[in-house]
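Notes follow once the structure below has been shown.
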Amino acid sequence: MNRAGGDWDRWLAHRLGGIRDQGRWRAHREFDAWGPRGTLRTVDADGSPVDREVLSFASNDYLGLSIHPSVLTGAHEAIDRWGAGAGASRLVTGDRPVHEDLERELAAWKGTDRAVLFPTGFAANLGVLTTLGTTGVAIISDELNHASLIDGSRLAKADVHIAPHGDHAALDELVAKAADQPTMVVIDSVFSMDGDVADLEAVADTCRRAGALLVIDEAHAVLGPDPAPGCFDGVEVIRVGTLSKTLGALGGFAACSDRVADLLVNAARSAIFTTGLSPADAGASLAAVRVLRSAEGAGLRATLRRHVDRLRPGHPSPIVPIVLGSEDDAVAAAGALLERGLLVPAIRPPTVAPGTSRLRVTFSAAHTDDDVARLLDALAEIGALP
């Protein structure tokens, strides 16, 4: 074998060995599911596959719209009319009517001039931050922001500053220090590991006073925070969202002003140089937004709110962490729940800080009251009920 090949052999062996030695080895598992119920394939001690019927509390399908009849119909009708794929990037091959219908519906939902579609929520954050975060711009990002916001900031050519989580005094100070630069404040509205929420009014006020642009990732904001009327008056705001969580499909979007939308269409590489959203995902998402904005959607949100309150009353999101501390404790608790037919993931470093490994419970309106009771009983049995 040549020298380069040998070097890569050693590099890969060292990298993979390090992951195993740290006890952080992961592998995909097959989950043949319909909504929160399905068959999970795992591997036993001798490497043989084991199929287990489980109830999942691991999904971000918060309203159960991935299996909603109207959403399924929207996907089927789009496939029947336009086929399985968009064919090429939107600027090359042109939009299907469903793409533009969806963008108008998303803009109306978010109260903005326009919305621009991306293939995923991750791609949306990369596109927004690299397009707006050019040389000479300052990005101020919350330290617990999602990986897509972190990576988008790293890929941008801007000066990046990290704000301590939820510390508004520190945020104000960082914004003030960047007063001689165009400044962009970047924040999750709901943080994906702790399920806590940003004070959008306070952050918007900081941006208003400094003339800063505000980028909010609202991927998990199914239960809020919902900005109060006038919250963003006088602020250039970009509301980034995903079609794959609350809406149950796949894709991302940036809801924004006409000027920002025009810039993204012309400069966002993660939208320009990739195939457009599939007709099926666009059709499903369009139907899902319409369900969400209806009386039925309000009922689904109320069901989700009730489920969350049974585990942690008043918690602001459907993401409920049960922090256990050590990685071993979190993995053992997840294993004990799986033995009881419940899929609840153990989250551990590097996703969360050392010493804060946890169970991450996520609720869905597709869960029944009996499902939630079963979860609570199992958590009590293993000593993990908060």
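Observations on the model:
- Among the candidates ALA158, ALA198, ALA169, ALA163, the residue that is over 24 Å from ASN266 (Cα atoms) and out of contact with any Asp or Glu (no Cβ under 9 Å at 6 or more places or on another chain) is uniquely ALA169.
- Residue match in the stretch 291-300 (condition: touching a His at 6+ places or on another chain (Cβ under 8 Å), surrounded by fewer than 24 Cβ atoms within 10 Å (Cβ to Cβ) and either under 21 Å from LEU102 (Cβ atoms) or modelled with pLDDT of 95 or more (or both)): yes
Condition check ((1) within 23 Å of LEU223 (Cα to Cα); (2) surrounded by 15 or more Cβ atoms within 10 Å (Cβ to Cβ)) across all residues:
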| position | (1), (2) |
| --- | --- |
| ALA147 | yes, no |
| ALA158 | no, yes |
| ASP167 | yes, no |
| SER192 | yes, yes |
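- Residues in the stretch 87-97 include none that are surrounded by fewer than 10 Cβ atoms within 10 Å (Cβ to Cβ) and out of contact with any strand residue (DSSP E or B) (no Cβ under 9 Å at 6 or more places or on another chain).
- Count of the stretch 301-329 residues which are β-branched (Val, Ile, Thr) and free of Cβ contacts under 8 Å to residues at least 24 places away in the same chain: 0
- Enumerated helices (runs of 4 or more DSSP H) restricted to the stretch 268-386, each holding at least 1 residues that are under 22 Å from the mean Cα position of the chain (by Cα) and of a type outside the set (Gly, Ala, Ser): 269-272, 279-292, 295-311
- Taking strands (runs of 3 or more DSSP E) as the structural unit, those lying wholly within the stretch 153-227 and holding at least 3 residues that are within 18 Å of THR135 (Cβ to Cβ) correspond to 159-163, 183-188.
Conditions tested, residue by residue: (1) surrounded by fewer than 20 Cβ atoms within 10 Å (Cβ to Cβ); (2) of a type in the set (A, V, I, L, M, F, W, C); (3) not assigned by TED's automatic domain parsing to the domain that holds THR73.
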{"site": "ASP262", "(1), (2), (3)": "yes, no, no"}
{"site": "ALA267", "(1), (2), (3)": "yes, yes, no"}
{"site": "ASP281", "(1), (2), (3)": "no, no, no"}
{"site": "THR303", "(1), (2), (3)": "yes, no, yes"}
{"site": "ASP309", "(1), (2), (3)": "yes, no, yes"}
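- Subset of the stretch 89-139 [in a strand (DSSP E or B) and without any contact (Cβ under 8 Å) to a residue 60 or more places away in the chain]: ALA138, ILE139
- Test: VAL215 is within 24 Å of VAL137 (Cα to Cα), crowded, with 24+ Cβ neighbours inside 10 Å and touching a Cys at 6+ places or on another chain (Cβ under 6 Å): no
- Residue in the stretch 232-244 that is assigned to a loop (DSSP other than H, G, I, E, B), within 25 Å of LEU144 (Cβ to Cβ), more than 12 Å from the chain's Cα centre (by Cα) and among the acidic types (Asp, Glu) present: yes
- Every residue from the stretch 157-183 that is aliphatic (A, V, I, L, M) and out of contact with any Leu (no Cβ under 6 Å at 6 or more places or on another chain): ALA158, VAL160, ILE162, ALA169, ALA170, LEU171, LEU174, VAL175, ALA176, ALA178, ALA179
- No other residue among LEU106, LEU126, LEU102 is surrounded by 23 or more Cβ atoms within 10 Å (Cβ to Cβ), modelled with pLDDT of 95 or more and either out of contact with any strand residue (DSSP E or B) (no Cβ under 8 Å at 6 or more places or on another chain) or outside the structural domain of PRO182 (by TED's automatic domain parsing) (or both) apart from LEU126.
The values are calculated or read from the model by the stated rules, or taken from the named source; none is laboratory data. Just so we're clear, the structure is a prediction, and the values are computed from it rather than from any experiment. All Cβ positions, glycine included, derive from the backbone under ideal geometry; neighbour counts span all protein chains shown.
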